[in-house]
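Below you'll find the structure, written out as structure tokens, and then a few comments.
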Amino acid sequence: MTLTLSVVGCGYLGATHAACMSSLGFTVIGVDTDPNKVAMLQNGELPFYEPGLDTLLAQEMKTGRLSFTTDFSAVKDADIHFVCVGTPQSKDGLAADLTYVRSAVSEIAPYLKDGSLVVGKSTVPVGTAQSLRDELAKTAPQADLAWNPEFLREGFAVEDTLTPNRLVVGVANDRAEQILKQVYKPIIDLGTPWIRADLPTAELVKVAANSFLATKISFINAMAEVCEAAGGDVTVLAQAIGYDPRIGNKFLQAGIGFGGGCLPKDIRAFMARAEELGAKQALEFLREIDAINLRARQRVIDVVRNELSEDLTQYKIAVFGATFKPDSDDVRDSPALDIAVQLQAAGAAVVVHDPKGIEPARKRFPKLEYAEVVTNAVKDADLILHLTEWKEYRAIDPSTLSSLVKSKIIIDGRNMLDRELWRKAGWKFHALGRTD
């Protein structure tokens, strides 16, 4: 039997999942409430930037297997329905806002055929899947629900969907697992580890993974603070401890911390849910992880003031980077943009450059000044901040910027630039966690 899939929610996760599932040979119907987004996708165009996905989307649209619509009734022939909507932080607290998840399931419930499977991929607080399954038992008893958390890295979304390092499925029975094994057979055949879990464990896997990554990032940033106080070098420290296989060298890049649409809101929602469950103390450490992360941004501003003046009103600062990470146009909770906005609020003239994130940044912070090319951003600048580690910035020859700036001062907020190269070109170079 050839399965037909629906993907509910066609943002970053949903559009990626839809195109990738189509590339595996399935007929896929993507559904979203945003007509502009649907129109772009139906035309083979992405409403966001993700390397390689634009090519895959255009290719799959030509096959006729993939389509996008705003009409929820279009999912009536689908056997499996992937829910890929957002779960943002609530406006009035730390908890996740489940409005979109609950709405997505209720919207497709009237169209679920006998034996169909709803599969949640959104990151949700533990207990959500079971509550949705209980609700479906009333509104669509002919269907079942499972949870299959996503582990996409922005910039590597296609790779992480088609060749993931594991597949986790939360199911309540063997039938649901067998259906998902049928969907993912081409990926399983590659040797991908398959982990069957119950519903709450599957939900916890994603937030636990994100919490661990956030902890590792904040740990090395805490070490950077200590290194600066003690006269050490956090990059050497990270290299040394990274050789220990129990620790590993991933996510040990000291800098301005994590951002984006996942880690910050996920660890906060995890804390909120733990408190609801009576396990508040178990995750109290995440409050300090969050605090260290936000403090890393303030530390950059402190360094700027040390280099220039407490009063920044007479200074121009060029910011390299607007997105929260390279190879993405995502500016949600971007440390780089947060720092830029705070510096502007302190009176500095701030000009931001980014290879892909200028338009999303401009929509969010229209009062900031933006430059399409690096040379325009740095013209007459008193200081440059390197805040997103795009390869374009690592490729810059610092001597080419020397005649454009007012003062040759650069702060590397990501510890990714060649310090000696910049210093040889006559620049004053400061990096977080490095004192010489």
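The values are calculated or read from the model by the stated rules, or taken from the named source; none is laboratory data. The shown structure was predicted, so the numbers you read here are calculated from the model rather than taken from an experiment. Using ideal geometry, Cβ is built from the backbone for each residue, glycine included, and neighbour counts are taken over all protein chains shown. The protein model used for the area step is the full one, side chains on, heavy atoms only, and it has no ligands, DNA or RNA in it. Shrake-Rupley method; radii C 1.70, N 1.55, O 1.52, S 1.80 Å.
Before moving on, here are some points about what is shown:
- Tallying residues that are open to solvent by 30 Å² or more (accessible area, probe 1.4 Å) and either in a loop (DSSP other than H, G, I, E, B) or over 27 Å from E392 (Cα atoms) (or both) within the range 309-322 yields 6.
- Checked against (1) of a type in the set (F, W, Y); (2) buried (at least 19 other Cβ atoms within 10 Å of the Cβ); (3) within 25 Å of V207 (Cα to Cα), F48 passes all but condition (2).
- Checking the stated criteria, P35 turns out not to satisfy the condition of being open to solvent by 10 Å² or more (accessible area, probe 1.4 Å), on the phi < 0 side of the Ramachandran plot and under 21 Å from the mean Cα position of the chain (by Cα).
- Contact annotation: residue pairs with Cβ atoms under 6 Å, 6 or more positions apart or on different chains, pairing a residue in the range 408-436 that is open to solvent by 10 Å² or more (accessible area, probe 1.4 Å) with a partner that is among the aromatic types (F, W, Y), are K408/W427; R419/F429; R423/F429; F429/W422.
- Some residue of the range 288-304 being of a type in the set (A, V, I, L, M, F, W, C), crowded, with 22+ Cβ neighbours inside 10 Å and touching a strand residue (DSSP E or B) at 6+ places or on another chain (Cβ under 8 Å): yes
- Test: residue in the range 240-252 that is open to solvent by 30 Å² or more (accessible area, probe 1.4 Å), part of a helix (DSSP H, G or I) and of a type outside the set (S, T, Y): yes
- Filtering the range 172-200 to residues that are of a type in the set (A, V, I, L, M, F, W, C) and either in a helix (DSSP H, G or I) or open to solvent by less than 10 Å² (accessible area, probe 1.4 Å) (or both) leaves A176, I179, L180, V183, I187, I188, L199.
- For D79, the stated conditions do not hold, so it cannot be described as under 16 Å from A157 (Cα atoms) and touching a Leu at 6+ places or on another chain (Cβ under 6 Å).
- Annotation for the range 359-373: no member residue is under 30 Å from L252 (Cβ atoms) and β-branched (V, I, T).
- Pick from the range 383-407, criterion assigned to a loop (DSSP other than H, G, I, E, B) and open to solvent by less than 10 Å² (accessible area, probe 1.4 Å), ranking: nearest to V319 (Cα to Cα): L387
- Per-region count, the range 334-350, residues of a type in the set (A, V, I, L, M) and over 18 Å from I256 (Cβ atoms): 1
- Among residues of the range 341-365, those that are within 22 Å of the chain's Cα centre (by Cα) and not in a helix (DSSP H, G or I), counted: 7
- Residue count for the range 221-252, restricted to those that are touching a residue at least 40 places away in the same chain (Cβ under 8 Å), of a type in the set (A, V, I, L, M) and under 20 Å from F285 (Cβ atoms): 3
- Answer residue from the range 106-159, given it is of a type in the set (K, R) and without any contact (Cβ under 8 Å) to a residue 12 or more places away in the chain and is farthest from P200 (Cα to Cα) among those: R153
- Within the range 296-310, residues that are closer than 17 Å to A254 by Cα reach partners that are open to solvent by 30 Å² or more (accessible area, probe 1.4 Å) with beta carbons closer than 7 Å, at six or more positions or on different chains, in the pairs R297/D338; I301/Q342; V303/H430.
- Candidate set: the range 73-104, residues that are free of Cβ contacts under 8 Å to residues at least 40 places away in the same chain and not in a loop (DSSP other than H, G, I, E, B); chosen: the one least open to solvent (accessible area, probe 1.4 Å): V101
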